1. If A121 passes every condition in (1) modelled with pLDDT of 75 or more; (2) within 14 Å of the chain's Cα centre (by Cα) but one, which one does it miss?
2. Which of the numbered conditions does K55 fail, given that it passes all the others? Conditions: (1) free of Cβ contacts under 8 Å to residues at least 12 places away in the same chain; (2) assigned to a loop (DSSP other than H, G, I, E, B); (3) within 14 Å of I13 (Cα to Cα).
3. Restricting attention to region 150-171, which residues are without any contact (Cβ under 8 Å) to a residue 40 or more places away in the chain and either under 21 Å from A76 (Cβ atoms) or touching a Gly at 6+ places or on another chain (Cβ under 7 Å) (or both)?
4. Please go through region 21-63 and pick out each residue that is of a type in the set (A, V, I, L, M) and modelled with pLDDT under 85.
5. Six or more apart or on different chains, Cβ atoms under 6 Å: show the pairs whose first residue is in region 86-114 and more than 15 Å from I139 (Cβ to Cβ) and surrounded by 15 or more Cβ atoms within 10 Å (Cβ to Cβ) and whose second is modelled with pLDDT under 75 and charged (D, E, K, R).
Amino acid sequence: MNRGALFTLPNTISLSRVVLALAFVLVSEPWDRIALIAVAGFTDIIDGWLARHEKSESTAGAFLDPLADRVFVLVAISTYLIEGRLSTGQYFIFLTRDLATAVGFVVAKIIPTLRPAVFRARMLGKIVTVVQLITLVAIIVVPELTNVFVITIGIISSASIVDYTIALWRGRAR
């Protein structure tokens, strides 16, 4: 993976999810929001595919892609929280993995005996993102199932946190 330019096509596609997040706040029609969620999901697939296909994977892209995912999901669930479609508890379950990842990153930086490790996407993390996007649609289409979907996110997020922790610990321990 090279450092590469910031504004490659895959990185630009990743960054488009930030614009989609802004649009999510500005629109209120259910099908408009579903379309935005679908486009966000599509851009998440296509940016990685393009980066691999064009052999333009970069450190910047490895950082921007998950950041753009997190921005989109955070803005969407914050919008739902403000609108009363999610409870505070459901909101924080949605954020479990992201909060744990942030805490883990800070802890890893504080412990001097750990050597730097490269952060790589893991399958469970990708699954959490897919389930989050599906849940964003379900909140609109089948709101009565919101709690089931949020609990599913919590379970998969917990497994993802364990998976990331083990992978990083193995990669960093001396």
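1. (1)
2. In the conditions (1) free of Cβ contacts under 8 Å to residues at least 12 places away in the same chain; (2) assigned to a loop (DSSP other than H, G, I, E, B); (3) within 14 Å of I13 (Cα to Cα), K55 misses (3) alone.
3. Matches in region 150-171: T152, I155, I156.
4. Taking region 21-63 and keeping what is of a type in the set (A, V, I, L, M), we get 21-23, 25-27, 34-40, 45-46, 50-51, 60, 62.
Listed by number, the residues that qualify are A51, A60, A62.
5. As it stands, the answer is L114/R172, since those pairs meet every condition given.
The values are calculated or read from the model by the stated rules, or taken from the named source; none is laboratory data. Quick caveat: nothing in here was measured; it's all calculated off a predicted structure. Cβ atoms come from the backbone with ideal geometry, glycine included; neighbour counts cover every protein chain shown.
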